[in-house]
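Chemist: Just passing along the structure, written as C-alpha cells.
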Amino acid sequence: MPLFRGASFYITAHHLSDLPPPLGPEIAFAGRSNAGKSSAINTLVDHNRLAFVSKTPGRTQQINFFKLPGGAFLVDLPGYGYAKVQRELRAHWEALLSTYLQTRGSLFGMVLIMDARHPLTPLDVQMLSWFRSTGKPVHVLLSKADKLSRQEAQKTLRSVQSGLLEYSTNYTAQLFSSLKKQGTEEAEEVIGSWLGIKSETQKKAPGERGLNRGLERLK
C-alpha cells in the first residue's frame with residue numbers, strides 16, 4: 001500500500017488562520033523534537049528530504065501539509081519539548097498544536113513518534129491527554145528501535161501498549177526504525193485502515209472507495 005509514496009509539499013501554516021480549507025482526510029504526525037519525527041516521515045514517503053531533518057531539535061516551527069497521491073494529507077506538526085526554544089515561541093507552538101488537534105474536523109488520527117529508549121515522557125502523555133477528547137485514533141511509532149536489543153524492544157512495546165490502554169482502546173503502538181526501514185508496512189496498514197483502505201490493496205494506489213469515505217466524513 002504505497003499510501004505515502006509520492007507525497008508533495010502543499011502549504012505551511014504558522015497560525016491557525018493560515019490553515020487550508022479541509023480538502024481531504026488529514027493524518028497528523030507529532031512528537032518530541034528529538035524523537036526522529038522528520039526521519040520517520042521521510043522513511044514512510046520514501047523521500048530523503050521531504051521533511052527537513054535538522055541537527056538542531058525544534059527546527060520545525062510551523063504546521064506543514066503534504067498532499068498524498070490519493071487525496072489525503074500528511075500533516076507535520078511542530079516538534080515539542082525543546083528547552084532552548086524561547087518561552088513565547090514554545091507557548092505559541094503549544095497553543096497551535098492543541099487547538100489544531102482538538103478542533104480540526106478533517107483530522108482522522110494522529111501518529112505520535114516516541115523514542116523507543118524514552119517513551120511516554122510527560123510531554124508525550126500531555127499530547128495523548130490533549131487528543132483523548134476527540135475520540136480519534138492514535139498510532140505510536142517507537143522510533144530508533146534498532147538501538148535496542150530485540151528483547152528490550154519487545155519489552156518496551158508491551159509496556160507502551162499497556163500504558164496506552166489507560167487513555168483509549170483505539171491507541172496502538174509498534175516498533176519503528178528509519179535507519180533499518182523497519183515497520184513501514186505495519187504503519188501503512190494501520191493508517192490506511194483509518195482512511196478506509198483495506199490491506200489487500202497494499203500493492204496498489206489508494207482507491208476512490210477509501211478516499212471517498214474520507215471525503216464524506218468532511219461534509
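Chemist: Might you work out the accessible area of S159 for me, using a 1.4 Å probe with all protein chains in place, and round it to the nearest 10 Å²?
Modeler: Accessible area, nearest 10 Å²: 70 Å².
Chemist: Let me ask something additional. Sort all Cα-Cα distances of the range 75-159 into consecutive 10 angstrom bins from zero, then give the percent of pairs in each bin up to the one containing the longest distance.
Modeler: With 10 Å bins starting at 0, P(r) equals 15, 44, 30, 10, 0.
Chemist: So, one more: Taking just the alpha-carbon atoms of the range 89-133, what radius of gyration and Dmax come out, in angstrom?
Modeler: 11.4, 33
Chemist: For labels at T12 and E186 in the simple 7 Å Cα→Cβ model, what's the distance in nm?
Modeler: Computed distance between label sites T12 and E186 equals 3.4 nm.
Chemist: Report the net charge of residues surrounding L16, where surrounding means a beta-carbon distance below 15 angstrom and charges are Lys +1, Arg +1, Asp -1, Glu -1. Intermediate results must be reported in sequence, preceding the final value.
Modeler: Numbers: positive: R104; negative: D18, E26, E94.
With Lys, Arg at +1 and Asp, Glu at -1, the net is -2.
Chemist: How much accessible area per residue does the range 96-206 have, counting only protein heavy atoms and a probe of 1.4 Å, in square angstrom? Mind showing how you got there, number by number?
Modeler: Values: 5410 Å² over 111 residues.
Each residue of the range 96-206 exposes 49 Å² on average to a 1.4 Å probe.
Chemist: Accessible area, 1.4 Å probe, largest first: how do R117, R32, R158 sort?
Modeler: If we order R117, R32, R158 from most to least accessible, we get R158, R117, R32.
The values are calculated or read from the model by the stated rules, or taken from the named source; none is laboratory data. Here the structure is a predicted model, which is why all the values come from computation and not from measurement. We place every Cβ from the backbone using ideal geometry, glycine too, and count neighbours over all the protein chains shown. Each accessible area value is taken on the protein alone, full model and side chains, heavy atoms only, with ligands, DNA and RNA left out. Shrake-Rupley method; radii C 1.70, N 1.55, O 1.52, S 1.80 Å.
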